[in-house]
1. So, in segment 122-136, how many residues would count as being within 16 Å of GLU81 (Cα to Cα) and among the charged types (D, E, K, R)?
2. If GLU161 meets every condition in (1) of a type in the set (Asp, Glu); (2) over 25 Å from ARG73 (Cβ atoms); (3) buried (at least 17 other Cβ atoms within 10 Å of the Cβ) apart from one, which number is that one?
3. For segment 167-220, how many residues are within 19 Å of GLY127 (Cβ to Cβ), out of contact with any helix residue (DSSP H, G or I) (no Cβ under 7 Å at 6 or more places or on another chain) and part of a loop (DSSP other than H, G, I, E, B)?
4. Working only within segment 36-59, note down all residues that are of a type in the set (D, E, K, R) and part of a helix (DSSP H, G or I).
5. Before we move on, is MET135 aliphatic (A, V, I, L, M), modelled with pLDDT under 85 and either over 19 Å from LEU26 (Cα atoms) or touching a Ser or Thr at 6+ places or on another chain (Cβ under 9 Å) (or both)?
6. Out of all the residues in segment 20-35, which are assigned to a helix (DSSP H, G or I), in contact (Cβ under 8 Å) with a residue 60 or more places away in the chain and under 18 Å from PRO54 (Cβ atoms)?
7. Does LEU201 satisfy the condition of being surrounded by 13 or more Cβ atoms within 10 Å (Cβ to Cβ), over 18 Å from THR82 (Cα atoms) and at pLDDT below 90?
8. Which condition breaks for HIS187 when tested against (1) buried (at least 16 other Cβ atoms within 10 Å of the Cβ); (2) at pLDDT 80 or above?
Amino acid sequence: MTANSAPLRIVLVDDHALCRNGLTDLLQHRGNMQVVAALGDTERVLPALRELKPDLVVLDLRMPGTDGLALLRRLRAEGCETPALFLTMSDSEADLAAALRAGARGYLLKDMEPEDVIAAIARAAGGELAVAPAMTLKLAQMLQRGGKGSDRADLLGSLTEREREILEHLSRGESNKAIARALDISHDTVKLHVRHILSKLNLSSRVEAAVFAVEMRGSGEAGALDAGTRASR
């Protein structure tokens, strides 16, 4: 984010007022971000997101009543596509996996250095996957257990050339609107292709699709992805 760019607009959701107030102060005074709402009541989140249209919503994982995961699933079921990131005390691999499956764009820990939290939130708002350094090994282990290379290559081979091209864009963290502009197709067409990609790859979210593509490329198994991208240009 440059000095002349508009501040990122953030909604915070945490049941502890101390955490909300402290993170609000951190982001607004040291992160050049604007916290447009800091909420402790999960019932107010969806109306706030629809009204305020922030760049990112930062969720606590453990909250009474509706926890962060259930809240994110409900937001997606209601058609709310605001990018979401978890900021939590839980370093559980199971929680990390559940957050990514639910469509979170990031998973940060509350014991991270403040400047690292600011930088990670900015990356997530910009379309990147942001994971706490302490969780990256667990993420790598999850990916390694996600399936054998030949199985994943077979899944990738089930995609059409256009779907492989869109998957490549997803791996770079691009939004549906950005993909539509790059490929000169409609936003609705991109959404349809993304749904087909998730179905064919047996994935639950675009974040999982991005991680899948990055992992395939890192393992040298992404020849089909590259071929499809080149062919459709």
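The values are calculated or read from the model by the stated rules, or taken from the named source; none is laboratory data. Everything numeric in this text was worked out from a predicted model, so none of it was measured. Heads up, the Cβs are rebuilt from the backbone with ideal geometry, glycines too, and the neighbour counts pull from every protein chain shown.
1. Residues of segment 122-136 that are within 16 Å of GLU81 (Cα to Cα), as a first pass: 124-129.
Right, trim to among the charged types (D, E, K, R) and you get 128.
So the count comes out to 1.
2. In the conditions (1) of a type in the set (Asp, Glu); (2) over 25 Å from ARG73 (Cβ atoms); (3) buried (at least 17 other Cβ atoms within 10 Å of the Cβ), GLU161 misses (3) alone.
3. Number of matching residues: 4.
4. GLU43, ARG44, ARG50, GLU51
5. no
6. Here is the first cut: in segment 20-35, the ones assigned to a helix (DSSP H, G or I) are 20-30.
Next, only the ones that are in contact (Cβ under 8 Å) with a residue 60 or more places away in the chain stay: 23, 26-27, 30.
LEU23, LEU26, LEU27 - these are the residues of segment 20-35 that are assigned to a helix (DSSP H, G or I), in contact (Cβ under 8 Å) with a residue 60 or more places away in the chain and under 18 Å from PRO54 (Cβ atoms).
7. Against the criterion (surrounded by 13 or more Cβ atoms within 10 Å (Cβ to Cβ), over 18 Å from THR82 (Cα atoms) and at pLDDT below 90), LEU201 qualifies.
8. In the conditions (1) buried (at least 16 other Cβ atoms within 10 Å of the Cβ); (2) at pLDDT 80 or above, HIS187 misses (1) alone.
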